[in-house]
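Peer 1: Quick one: the structure is below, questions incoming.
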Amino acid sequence: MGTSYSSTFPTRPPNDPDDPASVARNDQTAFEQIDQMLCHWDRPHRRSYHWMVTLEHEPHVVELSQRCQAVLPERGLDLIPPESLHLTVRRFGYVDDVPAGTLDTAVSTVREHCRTARPFDLHLLPLAGSPGALRFSVAPWSPLLSLHRAVSAASGYDDVDPLTQYRPHVGIAYSNQVQPPGPFIAAARKARSLPSTAITIAELRLVELYRTDHQYRWHVLERLPLAAAS
């Protein structure tokens, strides 16, 4: 597997992307089959624009993340703090590649989509992972896939099927070295005794994302409320 990995993990989507049990089972099975954990930070990074749902003000998400983090191994991970919890919908582009006019047009287009979209409930389920992180599974996918299609089209990627590359999730810890996966798989199994949580997604944000001290940070550029939340 080397020291890099695809962000499309698991490779195959779940049988039913809207069924929490199907999504969790698919994520957990894939995670338990990995050969090693990799260093998340080995991936190249530049400041970039992302369409994102930020979760720092969701107390149930913060509580569940901290309860799961408490059962993870103490070494080999960088825990994601409450202020950095998020669900990425799509990267728009690198800051130094996107002209200001292109960004403004995309925001206007996505804003119109959000005005016709409804807020939706999302279930966060502990716990699975990828070669580079521990993370919550999320379901249903349909409203997130709809957002992904909308921001893809506005960002110039209108020929992309989100099921070929998008795996919604919420990370709670990043692997910071190449290491055996066994302790992390065991911890994820233990965390599955914790109850899932549900939140209502009522806003999409455009952020400028950057990386510092083995964490992601961002500046919120635009807040795009979904219809009934405006």
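Peer 1: Given the structure, is Asn15 farther than 27 Å from Arg217 by Cα, out of contact with any Leu (no Cβ under 6 Å at 6 or more places or on another chain), surrounded by 20 or more Cβ atoms within 10 Å (Cβ to Cβ) and modelled with pLDDT of 95 or more?
Peer 2: no
Peer 1: Related question: In the range 108-123, which residues are open to solvent by less than 10 Å² (accessible area, probe 1.4 Å) and out of contact with any helix residue (DSSP H, G or I) (no Cβ under 6 Å at 6 or more places or on another chain)? Show your work before the answer.
Peer 2: Narrowing the range 108-123 to residues open to solvent by less than 10 Å² (accessible area, probe 1.4 Å): 110, 114, 122.
Correct list: Cys114, Leu122.
Peer 1: Another question, then. Conditions: (1) surrounded by fewer than 19 Cβ atoms within 10 Å (Cβ to Cβ); (2) in a helix (DSSP H, G or I). Phe184 meets all but one. Number of the miss?
Peer 2: (1)
Peer 1: Which one of these is in contact (Cβ under 8 Å) with a residue 60 or more places away in the chain, open to solvent by 70 Å² or more (accessible area, probe 1.4 Å) and either closer than 28 Å to Gly182 by Cα or not in a helix (DSSP H, G or I) (or both): Arg90, Arg67?
Peer 2: So the residue among Arg90, Arg67 that is in contact (Cβ under 8 Å) with a residue 60 or more places away in the chain, open to solvent by 70 Å² or more (accessible area, probe 1.4 Å) and either closer than 28 Å to Gly182 by Cα or not in a helix (DSSP H, G or I) (or both) is Arg67.
Peer 1: What is the residue count in the range 70-82 for residues that are surrounded by 14 or more Cβ atoms within 10 Å (Cβ to Cβ) and either assigned to a helix (DSSP H, G or I) or aliphatic (A, V, I, L, M) (or both)?
Peer 2: Counting residues in the range 70-82 that are surrounded by 14 or more Cβ atoms within 10 Å (Cβ to Cβ) and either assigned to a helix (DSSP H, G or I) or aliphatic (A, V, I, L, M) (or both) gives 6.
Peer 1: Could you give every pair whose Cβ atoms fall below 9 Å, whose first residue belongs to the range 147-165 and is assigned to a helix (DSSP H, G or I), and whose second residue is among the basic types (Lys, Arg), counting only separations of at least 6 or pairs across chains?
Peer 2: Leu147/Arg90; His148/Arg90; Val151/Arg90; Ser152/Arg90; Pro162/Arg90; Pro162/Arg149
Peer 1: Related question: Is it the case that some residue within the range 127-145 is open to solvent by 20 Å² or more (accessible area, probe 1.4 Å) and either within 30 Å of Pro73 (Cβ to Cβ) or among the basic types (Lys, Arg) (or both)?
Peer 2: Step one: filter the range 127-145 for residues open to solvent by 20 Å² or more (accessible area, probe 1.4 Å), giving 140, 142-143.
With either within 30 Å of Pro73 (Cβ to Cβ) or among the basic types (Lys, Arg) (or both) added as a condition, the list becomes none.
No; the residues of the range 127-145 include none that is open to solvent by 20 Å² or more (accessible area, probe 1.4 Å) and either within 30 Å of Pro73 (Cβ to Cβ) or among the basic types (Lys, Arg) (or both).
The values are calculated or read from the model by the stated rules, or taken from the named source; none is laboratory data. Computed from a predicted structure; not experimentally measured. Backbone-built Cβ (ideal geometry, glycine too); neighbour counts: all protein chains shown. For the accessible areas, the whole protein counts, side chains as well, though only heavy atoms, and no ligand, DNA or RNA atoms are used. Shrake-Rupley method; radii C 1.70, N 1.55, O 1.52, S 1.80 Å.
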